[in-house]
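Remarks on the structure that follows.
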Amino acid sequence: MSSTNKTYLDHYNYLVIGGGSGGVASSRRAASYGAKVLLIEASKMGGTCVNAGCVPKKVMWYASDLAEKIKQLQGYCFNAENVSDATFNYSAFKPKKDAYIQRLNQIYERNLAKEKVDFIYGYATFDKGGKVVVKTHTDSKTFTADRILIATGGSPVHPPDIPGAELGIDSDGFFKLEKLPSKVVIVGAGYIAVELAGVLHNLGSEVELIIRGSTVLRKFDESIQNTITDYYIKKGINIHKNSQVKSIEKNVESGSLSVSLDNGKVLEVDGLIWSIGRRSLSGIGLDNVGVELNDLGQVKADEYQQTTAKNIYSLGDVVGKVELTPVAIATGRKLANRLFGPEKFKNQKQDFENVPSVVFSHPEAGSIGLTEKEAIEKYGQQNIKIYKSRFTSMYYAMLEEKSPTSYKLICAGENEKVVGLHIVGDSSAEILQGFGVAIKMGATKADFDSCVAIHPTSAEELVTLV
């Protein structure tokens, strides 16, 4: 469905800038209460998650997971002479993946239309009079609104001062590749870098992972950092610790890249992916309406998403508080409930504590609550107790290559309230969702122990820890 030739109002009850997860969720919820809503999107509906994040990443993760399982068939005594020779046909896979994303874009549009949300594709900015000007492919339109939501999201960061940095791509560019590199440098230690490294390695690429510290996933608990770092090395991913890229040069004849590190090493590769962080997309004339930014260039917003300008709100990656799709969705809906819903929602706001998150590494890692270091800082070493277990899942009993499972439960106080859970192992994402509910409800170690284990599973370890 296109916004071309559609008739729009000049003034709306709610104008949302950004058609990502948070913006779409908030606009639909507001419209369900009868508000006249306009949603403005500069590119494709669904934002980063649908187009260049969670969704295409998970589809590729499934492919890479299958690639690993194919190698395990013989361990389970399947006659796999032909299957084990299977190769990944990326040239056939990519158009199928892209078609799936396009269907999701269309579903977003249909859902907006069904909720009677007007939407327009174009680039929105605030003019000096406080109006929102939208430049489309064909013309320019100006709108006003009672309330405005800024949900413009973020974009990948490229290093500004490394010679040849422009020769690399970012996570957005990765999903546009027509051919997977046979040998690639990935720069970064965060979850995006770790996920891409695992996917590419399992699909047959030789991966060189450049990290500034000694472990990956440094914002996570040490148990996750160490388990994933060590296993990635064991799997054959070349992790260059305490290293940084110094320069990149392109071989004109072969098209390959020479990546020089600060330790003197030079890596010859087919491609380089920057995964060193993201920045907020806040260049929309916010100074014209008095919306202030913090030192990181993120929109300042309080616990109710109120910015420094009256009746202008902001949420999601552009604010930078817990940058996860489900958080943006929940926050957007609660904001709309409060602004347009019944009296019972007048004080509703999003709780940003104990938010579960998962890294789709190989194996998966999941986390909720405080890390061990954070728990010690908050409660004191003498007031916390750590329960942990490291083992090999039964699935690997028939296989020569074993993938690790590591579980850690962090409890605080005399009643041993669970304040942190950090898990690594197969199906961690599915496992964490259920345990996340328990921790959000304030579960104690005794509550965990009171639940009868499901045997044989890996997750049963979490209710039998001693």
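The values are calculated or read from the model by the stated rules, or taken from the named source; none is laboratory data. The structure displayed is predicted, hence computed values, not measured ones. In this analysis, Cβ positions are derived from the backbone assuming ideal geometry, glycine residues included, and neighbour counts consider all displayed protein chains. The area values use the complete protein model at the heavy-atom level, side chains included, leaving out ligands, DNA and RNA. Shrake-Rupley method; radii C 1.70, N 1.55, O 1.52, S 1.80 Å.
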Seminar exercise, completed: Residue hits (region 182-218; in a helix (DSSP H, G or I) and either open to solvent by 10 Å² or more (accessible area, probe 1.4 Å) or without any contact (Cβ under 8 Å) to a residue 12 or more places away in the chain (or both)) are TYR191, ILE192, HIS201, ASN202
For this session: Six or more apart or on different chains, Cβ under 9 Å: which pairs go from a residue in region 7-26 that's at pLDDT below 95 to one that's open to solvent by less than 10 Å² (accessible area, probe 1.4 Å) and not aliphatic (A, V, I, L, M)? Could you list them?
Result: none
Seminar exercise, completed: Within region 264-323, of all residues that are part of a strand (DSSP E or B) and among the aromatic types (Phe, Trp, Tyr), the one nearest to GLY168 (Cα to Cα) is TRP274
Exercise. Before we move on, is ALA330 among the small types (Gly, Ala, Ser), part of a loop (DSSP other than H, G, I, E, B), open to solvent by less than 30 Å² (accessible area, probe 1.4 Å) and in contact (Cβ under 8 Å) with a residue 12 or more places away in the chain?
Worked result: no
Exercise. If you go through region 234-250 one residue at a time, how many are surrounded by fewer than 16 Cβ atoms within 10 Å (Cβ to Cβ) and either of a type in the set (Gly, Ala, Ser) or closer than 15 Å to VAL216 by Cα (or both)?
Worked result: 5
For this session: Filter region 388-425 down to residues that are under 20 Å from PRO356 (Cα atoms) and open to solvent by 60 Å² or more (accessible area, probe 1.4 Å) and give me whichever is farthest from the chain's Cα centre (by Cα).
Result: LYS417
Exercise. Which of (1) surrounded by fewer than 23 Cβ atoms within 10 Å (Cβ to Cβ); (2) of a type in the set (Asp, Glu); (3) under 21 Å from TYR407 (Cα atoms) is the odd one out, the single condition ASP221 does not satisfy?
Worked result: (1)
Exercise. Of the residues that make up region 94-111, is at least one on the phi > 0 side of the Ramachandran plot, within 28 Å of the chain's Cα centre (by Cα) and modelled with pLDDT of 95 or more?
Worked result: no
Seminar exercise, completed: By my count, strands (runs of 3 or more DSSP E) wholly in region 82-175 with at least 2 residues that are of a type in the set (Gly, Ala, Ser) are 140-150, 154-156
Exercise. Take the residues of region 160-172 that are open to solvent by less than 20 Å² (accessible area, probe 1.4 Å) and closer than 27 Å to ILE228 by Cα: which is farthest from the chain's Cα centre (by Cα)?
Worked result: GLY168
For this session: From SER406, SER361, grab the single residue that is assigned to a strand (DSSP E or B), at pLDDT 95 or above and not hydrophobic (A, V, I, L, M, F, W, C).
Result: SER406
For this session: Tell me which of these ARG147 doesn't satisfy, since it passes every other one: (1) open to solvent by 10 Å² or more (accessible area, probe 1.4 Å); (2) more than 24 Å from GLY264 (Cα to Cα); (3) under 25 Å from the mean Cα position of the chain (by Cα).
Result: (3)
Exercise. Which residues, taken from region 39-89, are open to solvent by 50 Å² or more (accessible area, probe 1.4 Å), under 18 Å from the mean Cα position of the chain (by Cα) and not charged (D, E, K, R)?
Worked result: THR48, CYS54, TYR62
Seminar exercise, completed: Being among the aliphatic types (A, V, I, L, M), more than 22 Å from VAL199 (Cα to Cα), touching a residue at least 40 places away in the same chain (Cβ under 8 Å) and crowded, with 16+ Cβ neighbours inside 10 Å narrows VAL291, VAL319 down to just VAL291
Problem set entry | From ALA429, ALA453, ALA438, residue being part of a helix (DSSP H, G or I) and over 15 Å from GLU364 (Cβ atoms) | ALA438
For this session: Test each condition in (1) outside any helix (DSSP H, G or I); (2) in contact (Cβ under 8 Å) with a residue 60 or more places away in the chain; (3) not hydrophobic (A, V, I, L, M, F, W, C) for ASN79 and report the one that comes out false.
Result: (2)
Problem set entry | Filter result (farther than 23 Å from GLY53 by Cα and of a type outside the set (A, V, I, L, M, F, W, C)) within region 354-371 | GLY369, THR371
Exercise. When only residues in region 364-376 that are of a type in the set (A, V, I, L, M) and either assigned to a loop (DSSP other than H, G, I, E, B) or open to solvent by less than 40 Å² (accessible area, probe 1.4 Å) (or both) count, which is nearest to LYS57 (Cα to Cα)?
Worked result: ALA365
